[in-house]
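Report on the following structure.
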Amino acid sequence: MRTFGLILKEMLERKLNFLLSLLAIVIAAALFVAFFTTGEASKNETIRLMRDIGFNLRIIPEKTNMEKFWQRGYSEETMPESHVYELASYEGISYAHLTAILQKKVIWQGREVFLTGIAPELATPGRKKPPMIFSIERGNVYIGFEIAQGLDLKKGDTIDIFGKTFTVFHSLSESGSEDDIRIYAHLHDVQSVLNMENRINEIKALQCLCIAHDTNTNSLSLLRYQLARILPDAKVILIQNIASARESQRIMAERYFGFIIIFVVVVCMAWIGILAMLNVRERRQEIGIMRALGYSSTKIAVLFLGKAVFIGLIGAILGFGLGTALALKFGPVIFKVTASMITPQIKLLYWGVIASPAVCSLSVFIPAMTAVAQDPAVTLREE
Amino acid sequence: MIMVRLERASKFYRTKHGDVKALDEVNLQFNEGEFAVVRGPSGSGKTTLLLSIGGMLRPTKGQVFINNSDIYTMSERERVAFRAENVGFVFQLFHLVPYLNVIDNVLLPAGVGGSRYSQEEAKDLLNRLDLTERIYHKPAELSAGEKQRTAVARALLKRPRIILADEPTGNLDPENAEEIIRHLAEYHSKGGTVIVVTHGKAADRYASRVVHLKKGHIDSA
């Protein structure tokens with residue numbers, strides 16, 4: 001009789017032991033599959049969200065002192081205005097809103113104000129998104145709430161800024177931020193006033209993303225890489241958004257469930273190990289007679305390890321089916337946002353049929369060695 | 001020609017209450033083609049003697065030779081192969097594998113002997129042992145006599161040079177006991193060597209020699 005035949009007949013004879021061992025591996029495999037199937041959906045959804053929402057970026061001169069940047073709210077360094085057009089014309093990056101900014105804190109009318117020049121927004125060709133940042137005509141200014149209040153400025157008033165006359169186009173409502181002491185003007189007007197022709201100190205790119213077809217690519221890394229190629233003297237600051245918050249949440253959940261999975265796998269391994277040990281005890285005399293008939297230690301070990309591999313394989317297949325069914329049934333209830341993304345992950349089956357027999361064999365290793373180490377002379381004398 | 005030779009073979013079992021001498025400096029030999037009975041009371045060392053001869057139990061001291069080879073100087077692998085090739089066992093408790101039917105139990109040595117043992121040979125053997133109708137029955141469905149005949153068939157399938165039977169009739173009624181001994185005698189008549197350890201006297205009329213064992217010593221041989 002061939003070894004596999006012996007294994008199969010033994011399993012059919014001791015059905016309870018076989019079924020309990022199988023149950024352990026099916027539970028572990030099903031949990032693993034269910035979690036990763038829903039997790040994968042969540043991951044794909046996050047990638048999709050990031051693709052749709054994109055990253056909000058501030059692109060500033062590479063040499064910027066970041067300590068001062070965060071203190072002042074802008075970079076003291078500048079870069080060529082042409083950078084924004086280079087970025088706009090680059091086909092590998094898509095964005096919804098792109099604008100060049102030059103801003104500086106200045107003393108005007110005896111008070112500190114932020115003088116901010118904004119270029120008209122650039123948009124990806126064919127994409128009809130309304131401007132997110134307001135567009136300012138040359139010769140006009142938008143006045144922050146505090147300045148307007150302090151100087152009693154209204155729409156239509158004219159003001160002089162460092163020798164150049166501007167019309168107040170709009171007096172902004174209170175924002176409760178530094179924008180209340182800000183004067184917005186056209187970029188080229190501010191460049192002219194500050195004698196910084198063709199210079200900017202920030203590009204604001206909203207909903208910016210790379211055009212990559214591989215959903216598994218880390219899009220932020222790719223975006224940074226692409227930007228570094230186009231604008232080698234600039235650096236990128238990410239403005240956190242919902243998508244990245246969701247990504248952080250997913251990673252946290254993955255770690256949490258990762259711990260649970262490890263715990264479940266260890267418990268199942270112990271379960272299988274105990275069942276195998278009971279099986280070895282039950283088969284003491286059988287092992288003894290096999291040794292008497294000339295079965296080697298290796299052959300005896302193969303009987304137990306082979307059984308473990310077989311249970312592992314069946315368990316992986318059943319576990320994959322059960323786990324996928326659970327993910328498809330309950331995943332959409334738990335993860336409502338990612339419901340439509342939950343699909344069977346066939347790669348988990350491939351991994352399962354490799355990992356599961358290995359885990360089972362590992363669990364059964366000690367019992368198998370115990371079986372091998374049994375003295376047949378002792379067991380054959382037992383009544 | 002000497003088939004089995006024990007030289008000052010001793011076996012001690014360590015227990016909580018001190019060492020127990022199962023065999024004590026035993027010198028004994030069995031010739032090829034001999035039908036020997038080893039008799040003695042419980043605890044006299046009969047089973048220990050049998051398992052030592054079968055390469056299953058290393059003596060604490062002394063040597064065991066089969067065909068002039070000291071079987072305990074062989075490696076474990078060599079001894080296992082030697083046993084598979086040359087020795088057949090029959091036990092009092094039959095030791096059939098419970099999940100295999102009669103023919104699969106008989107063919108169990110094929111698991112190490114490969115295709116040398118065919119289904120036809122096994123069926124022929126079972127026919128001779130009057131087990132044809134039980135061929136696909138599991139041990140739990142057999143009578144004690146049928147179980148022991150299956151065990152004998154399993155031992156005979158390999159056509160071993162020596163059969164070691166440990167109380168083969170111990171669990172059988174006189175009729176079945178007689179039948180089992182008759183099958184062993186038939187094997188012996190074809191040139192096989194048989195050593196039967198027993199309390200009973202069923203084997204005496206076929207035996208060419210009766211060895212008496214007492215407290216690990218040869219009382220008479």
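The values are calculated or read from the model by the stated rules, or taken from the named source; none is laboratory data. Everything numeric here is computed off the predicted structure, so don't read it as measured data. Here Cβ is always computed from backbone atoms with ideal geometry, including for glycine, and neighbour counts include all displayed protein chains.
So how many residues does segment A:143-199 have that are under 45 Å from the mean Cα position of the chain (by Cα), more than 15 Å from A:Thr116 (Cα to Cα) and of a type in the set (D, E, K, R)? Matching residues across segment A:143-199 total 2.
Among the residues of this structure, B:Tyr72 counts as one that is more than 10 Å from chain A (Cβ to nearest Cβ) and aromatic (Phe, Trp, Tyr).
Return yes when B:Phe65 is more than 12 Å from chain A (Cβ to nearest Cβ) and part of a strand (DSSP E or B) and no when it is not.
On the way: more than 12 Å from chain A (Cβ to nearest Cβ): yes; part of a strand (DSSP E or B): yes.
For B:Phe65, the condition - more than 12 Å from chain A (Cβ to nearest Cβ) and part of a strand (DSSP E or B) - is met.
Looking only at residues of segment B:92-106 that are at pLDDT 90 or above and of a type in the set (A, V, I, L, M, F, W, C), we find that the one that is nearest to A:Ile300 (Cα to Cα) is B:Val97.
Within segment B:35-72, can you find the residues that are among the hydroxyl-bearing types (Ser, Thr, Tyr) and out of contact with any strand residue (DSSP E or B) (no Cβ under 8 Å at 6 or more places or on another chain)? Of everything in segment B:35-72, those that are among the hydroxyl-bearing types (Ser, Thr, Tyr) and out of contact with any strand residue (DSSP E or B) (no Cβ under 8 Å at 6 or more places or on another chain) turn out to be B:Ser42, B:Ser69.
Among the residues of segment A:362-376, is there at least one that is away from every other protein chain (no Cβ under 14 Å), under 20 Å from A:Leu31 (Cα atoms) and at pLDDT 90 or above? Checked segment A:362-376: at least one residue is away from every other protein chain (no Cβ under 14 Å), under 20 Å from A:Leu31 (Cα atoms) and at pLDDT 90 or above.
So is B:Arg77 loosely packed, with under 14 Cβ neighbours inside 10 Å, charged (D, E, K, R) and either more than 13 Å from chain A (Cβ to nearest Cβ) or without any contact (Cβ under 8 Å) to a residue 24 or more places away in the chain (or both) or not? Judged against the criteria, B:Arg77 is a match. So is B:Gly55 over 24 Å from B:Lys215 (Cα atoms), part of a loop (DSSP other than H, G, I, E, B) and either in contact with an Asp or Glu (Cβ under 7 Å, 6 or more places away or on another chain) or more than 8 Å from chain A (Cβ to nearest Cβ) (or both) or not? Judged against the criteria, B:Gly55 is not a match.
Quick one: would you say B:Phe30 is under 19 Å from the mean Cα position of the chain (by Cα), within 21 Å of A:Arg284 (Cα to Cα) and in a strand (DSSP E or B)? So B:Phe30 does not fit the description; no.
Applying the selection to segment A:306-320, what residues are buried (at least 23 other Cβ atoms within 10 Å of the Cβ) and either within 12 Å of chain B (Cβ to nearest Cβ) or under 15 Å from A:Asn17 (Cα atoms) (or both)?
Selection gives A:Lys307, A:Ala308, A:Ile311, A:Gly312, A:Gly315.
Inspect segment A:290-306 for any residue being in a helix (DSSP H, G or I), of a type outside the set (D, E, K, R) and within 40 Å of the chain's Cα centre (by Cα) and give the result as yes or no. Yes, there is a match, as at least one residue in segment A:290-306 is in a helix (DSSP H, G or I), of a type outside the set (D, E, K, R) and within 40 Å of the chain's Cα centre (by Cα). Candidates are the residues of segment A:112-155 that are under 22 Å from A:His188 (Cβ atoms) and among the small types (Gly, Ala, Ser); the one that is modelled with the lowest pLDDT is A:Ala123. Condition first: crowded, with 19+ Cβ neighbours inside 10 Å and not hydrophobic (A, V, I, L, M, F, W, C). Now tell me which residues in segment A:136-167 satisfy that. The answer is A:Tyr142, A:Gly144.
Among (1) in contact with a Leu (Cβ under 8 Å, 6 or more places away or on another chain); (2) surrounded by fewer than 23 Cβ atoms within 10 Å (Cβ to Cβ); (3) more than 14 Å from every other protein chain (Cβ to nearest Cβ), which single condition is A:Gln285 missing? A:Gln285 satisfies every listed condition except (3).
Out of curiosity, is B:Pro98 in contact with a strand residue (DSSP E or B) (Cβ under 8 Å, 6 or more places away or on another chain) and not in a strand (DSSP E or B)? It is false that B:Pro98 is in contact with a strand residue (DSSP E or B) (Cβ under 8 Å, 6 or more places away or on another chain) and not in a strand (DSSP E or B).
Considering each residue of segment B:80-111, count those that are free of Cβ contacts under 8 Å to residues at least 24 places away in the same chain and more than 9 Å from every other protein chain (Cβ to nearest Cβ), and give that number. Of the residues in that region, 0 qualify. So which residues in segment A:64-82 are under 30 Å from the mean Cα position of the chain (by Cα), surrounded by fewer than 19 Cβ atoms within 10 Å (Cβ to Cβ) and not in a loop (DSSP other than H, G, I, E, B), if there are any at all? Within segment A:64-82, A:Met66, A:Glu67, A:Trp70 qualify.
Say whether the condition of being facing chain B (nearest Cβ under 10 Å), among the acidic types (Asp, Glu), crowded, with 20+ Cβ neighbours inside 10 Å and assigned to a helix (DSSP H, G or I) is met by at least one residue in segment A:7-26.
yes
Given the options A:Leu349, A:Leu303, name the one that is surrounded by 18 or more Cβ atoms within 10 Å (Cβ to Cβ) and within 14 Å of another protein chain (Cβ to nearest Cβ).
Residue meeting the stated conditions: A:Leu303.
The helices (runs of 4 or more DSSP H) found wholly in segment B:110-221 and carrying at least 2 residues that are small (Gly, Ala, Ser) and surrounded by fewer than 23 Cβ atoms within 10 Å (Cβ to Cβ) occupy B:110-113, B:144-157, B:174-189.
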